[in-house]
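Presented below is the structure to which this report refers.
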Amino acid sequence: MSRQLDRLAERILKKAKAAGLQIVTAESCTAGTVAHVLSKGEGASKHLAGGFVTYTKDMKSRVLGVPMAMLKSKSAVAAEIAEAMARGALARSGASIAVAVTGVAGPDPDEDGNPVGLIYCAVVRRGQAPRSVRLQSTATQRRALIDEATLEALTLLRGACED
């Protein structure tokens, strides 16, 4: 899957260049994988602002401004959380578009009982409403699940770069 992710990142960076966009990531279960894949592509130094890795609820709240009340009521794995992470990354950076990923990579369910493989990705472009998708992976290995989540996030990002 690595080559597929790299090719998709190349396409995203070309679209970002054409649209004059700068990207920021906010990642939980992928732990920076989305930013890493983007960083390998041509033009990354101009179109990737950076990324936030916020693995815990506390970090999502402190670093990205996700309301703790929302994290407690929704859990850390919900569309609303992914959207709030993307909005927070956008607000805390000079980027024009943000992509966020939150989910459970395993090997066990999270502290709120969310199952392994449940992932939400969101993207928000400055001045636009966020969009999110839900992924229920059936991957049995952690690396495969992270790759699926990264692919989903990059696919969502590619679509938002085209708007």
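Values for this structure:
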quantity	calculated
Test: THR25 is modelled with pLDDT of 95 or more, over 19 Å from ARG125 (Cα atoms) and either under 17 Å from the mean Cα position of the chain (by Cα) or of a type in the set (Gly, Ala, Ser) (or both)	no
Among (1) farther than 29 Å from LYS17 by Cα; (2) at pLDDT below 95 - the single one GLY127 does not satisfy	(1)
Options VAL124, VAL104; residue that is of a type outside the set (D, E, K, R) and within 14 Å of SER28 (Cα to Cα)	VAL104
Pairs with Cβ under 8 Å, 6+ apart, first in the range 104-133 and of a type in the set (Asp, Glu), second part of a strand (DSSP E or B)	none
Filter result (polar (S, T, N, Q), in a loop (DSSP other than H, G, I, E, B) and touching a helix residue (DSSP H, G or I) at 6+ places or on another chain (Cβ under 7 Å)) within the range 109-146	SER137
Qualifying position, being on the phi < 0 side of the Ramachandran plot, of a type in the set (Asp, Glu) and not in a helix (DSSP H, G or I), among GLU80, GLU42, GLU10	GLU42
Any hit, the range 147-157, residues being in a helix (DSSP H, G or I) and among the small types (Gly, Ala, Ser)	yes
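The values are calculated or read from the model by the stated rules, or taken from the named source; none is laboratory data. All values reported here derive from a predicted model rather than from experimental measurement. Cβ: placed from backbone, ideal geometry, glycine included. Neighbour counts: every protein chain shown.
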